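FYI, it's all coordinate maths here, none of it is from the lab. Fair warning: this is a prediction, and the values are worked out from it, not measured in the lab. Counting neighbours? That spans all protein chains shown, and the Cβs are built from the backbone with ideal geometry, glycine included.
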Amino acid sequence: MGNPERSARRPEEQQLGPVLRRRSQVQAGSTTDQRLLDSAGPSEWVHTDPWRVLRIQSEFIEGFGTLAELPPAISVFGSARTPEGSPEYEAGVRIGHALVDAGFAVITGGGPGAMEAANKGAREAGGISVGLGIELPFEQGLNQHVDLGLNFRYFFVRKTMFVKYSQGFVVLPGGLGTLDEMFEALTLVQTRKITRFPIVLFGTEYWGGLIDWLRNTVVAQGKASEYDLCLFHVTDDVEEAVTLVSKEVGEGTNERAARAATEEAAREAGD
């Protein structure tokens, strides 16, 4: 048996899984196995950053696993405060319906208002109606027209799913959340993190002031280029909105196919 006096002293070196601690960084207490098996142990660990990393990882896994087999999809964004029966709500229903008719699944944030409208249109057209919700203290959960739904804790995980599993965005009038999603997509296209990603703003009157500010202030002062204003389209017509996203998605598919064929030919030539 070892010397009890020595074993009671804090060791100079401690290996905790892949982590090595020495001197003042050594932690007193039980082993990892002991903490796992001790049901009466402390529970504050579920609120630590390492545990949050696992939650984030699990959200990515759930999202990727659930959405991987979706057909081509378009995300429709807009305000949760859009009242049912309003012109904007009815436009959302028609857009959801038209996107399904064009061969797309419809993805929204899963909430009420404009999101519900697009989900409703997709469901009524017999298409795939997807809702990617977010845990918020004032939201009511996924709307009744969502057939495939996921709820996320973290905004950045949710936004990754929107971009990864959508071929384009249609943006109805909305508030800060809608602006966040729209500018995220614009930034990704501008920086070429994603290519051929159509972004259609629906409602010329609503978006006109923002576009004027981008042109007359942001571009005019050299903070963005004139070309950046070509990264999105603006329309009041449902048919045109769907045509714009469909056309660019098709062009992007053709470009990717051509690029893949060129790369394959280059490899064969190298062999």
As a footprinting exposure proxy, order Val238, Val130, Val19 by other Cβ within 10 Å, with the fewest listed first. Val19, Val238, Val130
Can you give the Rg to Rh ratio for the stretch 119-235, taking only C-alpha atoms and Rh from Kirkwood? 1.00
Got a sec? How would Ser75, Ser86 order by Cβ neighbour count within 10 Å, fewest to most? Ser86, Ser75
Efficiency of FRET between Leu229 and Lys164 - r from beta-carbon atoms, R0 25 angstrom, step 0.05: 0.45
Pop out the Kirkwood hydrodynamic radius of the stretch 59-260 from its pairwise C-alpha distances, inverse of mean 1/r, in Å to one decimal. 16.9 Å
For a footprinting-style exposure proxy, rank Val249, Val219 by other Cβ within 10 Å, fewest first. Val219, Val249
Measuring from a point 7 Å past the Cα of Asp237 along Cα-to-C-beta, which residues in the stretch 197-228 have an amide N at less than 16 Å? 200-205
Using Stokes-Einstein with the Kirkwood hydrodynamic radius over Cα pairs, what translational diffusion coefficient do you get for the stretch 104-171 at 4 °C and a viscosity of 1.567 mPa s, in µm²/s rounded to a whole number? 109 µm²/s
If I take every Cα pair under 8 Å that is 6 or more residues apart in the stretch 59-260, average their sequence separation and divide by the length, what percent do I get for the relative contact order? 20 percent
Give the cross-link partners of Lys193 among the lysines, using a straight C-alpha distance below 16 Å as the criterion and excluding same-chain residues fewer than 8 apart. Lys159, Lys164
